[in-house]
Structure formats: C-alpha cells, structure tokens
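Colleague: Here it is: the structure, laid out below.
The values are calculated or read from the model by the stated rules, or taken from the named source; none is laboratory data. Keep in mind it's a predicted model, so treat the numbers as computed, not measured. Here the Cβ positions follow ideal geometry from the backbone for every residue, glycine too, while neighbour counts run over all protein chains shown. Remember, those area values only see protein heavy atoms, side chains included, never the ligands or the DNA or RNA. Shrake-Rupley method; radii C 1.70, N 1.55, O 1.52, S 1.80 Å.
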Amino acid sequence: MLKSLNSLKYVRKFMVTVRYFYLTRVWGMNIDRTAEFSLSTRFDRTYPRGVHVGPESYIALEAMVLTHDTTRRLYSATHIGRRCFVGARALIMPGITIGDESIVAAGAVVTKDVPSRCIVAGNPAKIVRKDIKVGPYGRLESTR
C-alpha cells in the first residue's frame, strides 16, 4: 500500500523551523514566529535586516521578497503585514509595504504599497478587490 505524503509532514515542519532560525538568527530577518513560508520562498539576503513578515502570514512557493535594487542603489525595508497571503511566484519589490489582511495573487509583481484588506493581482499589481475579510494566513472568510 502506498503511503500518503502527509505521513512525512513532520519532516517538512522540522525543515521550515530550521530555515526560520537560520533566516532570523544568522541573517537577522524579522519574521514573526507564527508566519509560515514555503521552503522555496526566496528572501533577499543582500539587505536581510530589511525583511519584515507579520504574524499569521503565509508566503507561498517561489515567491520573492526583495530589499535591494542594485541598479538604483536602493536598500529599503520590505514589510508584509499580519494575516497576509503572498501567492506563488509573486515578486515584492524593495521598500514595499503590504498592508494587514491583504492577499497578493500568484505571479503578481508588487511595485507600489498595498493597502490593508484588499487583493492585488497582475504585473504591475493592481487592486482587484477591497474591504475583504480574511482569517489566519490570509484565508478569505467567504471561502470557509
């Protein structure tokens, strides 16, 4: 009988915990302990102290959070608020603030600050919905 991959989820949890401590203790990133992220999420290590992720937020696979732009000689903190969701392969540019309880769609390129409680999508990301209600990790309340 084929075992489910769910039987190995403790291994993933362990690996994420190790990566969390590596990013926060070695690189000095400010990632809340309750925040979750994929093992393939890429946090900018050129200016690691500029990475800030709020509580109960989730950053999906291959999303990239940047804190520097070499061409503009910019080193700026990037903030992701509480209870946010950042979709797969989204790109958050340096100096951006994602407001609390917001959702960034998969593949979005965020070049401007995102207000609280809204959904953004596209390249460049634009607001597609406002005044949303989300639960932990950016889950829409209407989908529960």
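Colleague: Skipping prolines and chain starts, which residues have an amide H placed within reach, meaning under 5 Å, of the one on Phe37, given they are 5 or more residues away or on another chain?
Modeller: Excluding prolines and chain starts, which carry no amide H, the hits are Ile59.
Colleague: Using +1 at the C-beta of Lys and Arg and -1 at the C-beta of Asp and Glu, which of Ala125, Thr70, Phe43 has the Cα lying farthest in the positive direction of the dipole of the stretch 1-136?
Modeller: Phe43
Colleague: Skipping prolines and chain starts, which residues have an amide H placed within reach, meaning under 5 Å, of the one on Leu74, given they are 5 or more residues away or on another chain?
Modeller: Under 5 Å from the amide H of Leu74: Asp69.
Colleague: Now for a different question. For the chain, what is the mean residue ellipticity at 222 nm derived from helices alone (per DSSP H run of n ≥ 4: -39500 (n - 2.57); sum divided by total residues; nearest 500 deg cm²/dmol)?
Modeller: Counting only the DSSP helices, I get -3000 deg cm²/dmol.
Colleague: With a 1.4 Å probe and every protein chain left in place, work out the accessible area per residue of the stretch 65-122 in Å², rounded to a whole number.
Modeller: In whole numbers, the stretch 65-122 has 44 Å² accessible per residue.
Colleague: Pairs of Cα atoms under 8 Å, at least six residues apart: use those to get the relative contact order of the chain, whole percent.
Modeller: Answer for the chain is 15 percent.
Colleague: Could you give the alpha-carbon Rg of the stretch 42-144 over 2.2 N^0.38 Å, rounded to two decimals?
Modeller: Normalised Cα radius of gyration, the stretch 42-144: 0.99.
Colleague: Using the Cα centre of the stretch 39-121 as the reference point, and only Cβ charges (+1 on K/R, -1 on D/E), how large is the resulting charge dipole? Debye, rounded to the nearest 20. List each step's numbers first, then the result.
Modeller: On the way: 10 positive and 7 negative charges, 38 e Å.
Magnitude of the dipole: close to 180 debye.
Colleague: In the chain, carbon and sulfur make up what percent of the accessible area (probe 1.4 Å)?
Modeller: Result for the chain: 55 percent of the exposed heavy-atom area is carbon or sulfur.
Colleague: A follow-up question, please. In debye, nearest 20, what is the charge dipole magnitude of the stretch 77-143 about its Cα centre with +1 on Lys and Arg Cβ and -1 on Asp and Glu Cβ, if you could check?
Modeller: My answer is approximately 100 debye.
Colleague: So, with +1 on the Cβ of K and R and -1 on the Cβ of D and E, and no other charges, what is the size of the charge dipole of the chain about its Cα centre, to the nearest 20 debye?
Modeller: Its charge dipole is roughly 280 debye.
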